[in-house]
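The values are calculated or read from the model by the stated rules, or taken from the named source; none is laboratory data. Only a predicted model underlies this, so the values are computations on that prediction, with no experimental measurement involved. For neighbour counting, all protein chains shown are included, and Cβ atoms are generated from backbone atoms with ideal geometry for every residue, glycine included. With ligands, DNA and RNA removed, areas are computed over all heavy atoms of the protein, side chains included. Shrake-Rupley method; radii C 1.70, N 1.55, O 1.52, S 1.80 Å.
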Amino acid sequence: MVRPWPRAGLAVVLAACLLAPASGVRGPTPAVEDYLTRQLTVAANSYLERRSQALVQKDGRDRGAAPTEVLGVRISPSLVRSQEKAVRELETRNRAPVEGGPAYTGARTRLDEGRAVRTGDRITLEAVEHTEMRYGLGGRGKVTQSVRRRFEFRASGEQITMVGERVLDPGAHPVNDPIGENR
């Protein structure tokens, strides 16, 4: 014969289950919707592309100010200032793959659509950046680089703001990052 749990005993067991720490097995991290991952990827890519383009001779073109919003994603004021400082440094740096060599003539940066996860009001996007820098007569030479990056976003209601970015690969020195920059 099976005896039912006394009411008080069942309540104690249930309360203990609720208060007990997780056993280390957690549910999957909440990934964000595909459309939002694409939106965040486009915003992050635009941010990196601007720095890559700073390495290419301007030929009298004005780059204009760093965008404060891309595809509905705001860029935090501190990141905008960091971006402007980085672009200025990259524009004055040696713009060639080797000292005294032919200058960069073109740049293309793209982010693979990475994985974005949400934890409370924070969204983290991890993606691989692929940068190709062309140099020399006719852009025949090229330097390619792939680096893993993490972008941090904050969500407030419907508004999303990019608040941070960093390289994940230890020892990587992306060509489109300022020297010694730690974002």
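Just a few scattered comments:
- Ratio of Rg to Rh for segment 36-183: 0.98 [Cα atoms; Kirkwood radius as inverse mean 1/r over pairs].
- Loop-resident trypsin sites (Lys or Arg not before Pro) (DSSP state other than H, G, I, E or B) in segment 96-167 with no more than 13 further Cβ atoms inside 10 Å of their Cβ: Arg140.
- Potential lengthening between Leu168 and Gln145 on full extension [0.36 nm per residue; Cα-Cα distance subtracted]: 6.9 nm
- Segment 81-183 - accessible surface per residue (Å², probe 1.4 Å): 56 Å²
- Computed FRET value (nearest 0.05) for Glu69 with Arg93, which takes r as the C-beta separation and R₀ as 22 Å: 0.20
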